[in-house]
1. Among 138, 34, 56, which one shows the biggest mean-square fluctuation in a GNM of the chain, springs joining Cα atoms closer than 10 Å?
2. How far is the Cα center of region 115-173 from the Cα center of region 57-112, in Å?
3. Please arrange 128, 81 by counting, for each residue, the other beta carbons lying within 10 Å of its beta carbon, fewest first.
4. Explain nothing, just the number: relative contact order of the chain, from Cα pairs under 8 Å at least 6 residues apart, as a whole percent.
5. Based on other C-beta atoms within 10 Å, arrange 55, 154 from fewest to most.
6. Ranked by Cβ crowding within 10 angstrom, fewest neighbours first, how are 3, 72 ordered?
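Values in this text are rule-based calculations from the coordinates and carry no lab data. Model, not experiment: these values are computed from the prediction. Don't worry about glycine lacking a Cβ; one is built from the backbone with ideal geometry, like all the others, and counts go over all protein chains shown.
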């Protein structure tokens, strides 16, 4: 069992469908597991659900929701597997997401922060063990002039176990 903090983007229905249709074809790892999202806190195994939820609730007090705009896709090599991932990364809202991530890792969770890998706020849209397949996905998106605008107004704490996501609590920003 692990606890994770996700931020589900509030976006236009047409943008949601665009992302989901793409993920259905290209995201073999997570499409059937979880909706499009930004991961704000990655899996934590060494705290109880109760401690984890209380910490997140306390840490985000006073944090306000924010807007973001996705305008580009990037490729990222998974640090823990042979997979490459295709990400949609925000232009606007990037710093808000990074600061929120850092804030959540400042207290009880500070020893869970991975300093050996960069935190890149993103919505995953595809993956492959073939880096050139992910590069093709990135080029496909970046050849278009797109702007997916949205808002983050709450964080969702989930339990991730056996490739299933179970919502524990949503916390408004």
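1. Largest GNM mean-square fluctuation: 34.
2. Spelled out, the Cα-based centre of one part sits 9 Å from the other.
3. Details: 128 21, 81 11.
Sorted ascending by nearby Cβ count, the order is 81, 128.
4. Working: 316 pairs, mean separation 61.3, N = 173.
The normalised contact order for the chain reaches 35 percent.
5. Working: 55 20, 154 16.
Fewest-to-most Cβ neighbours within 10 Å comes out as 154, 55.
6. Values: 3 25, 72 14.
Starting with the residue having the fewest Cβ neighbours, the order is 72, 3.
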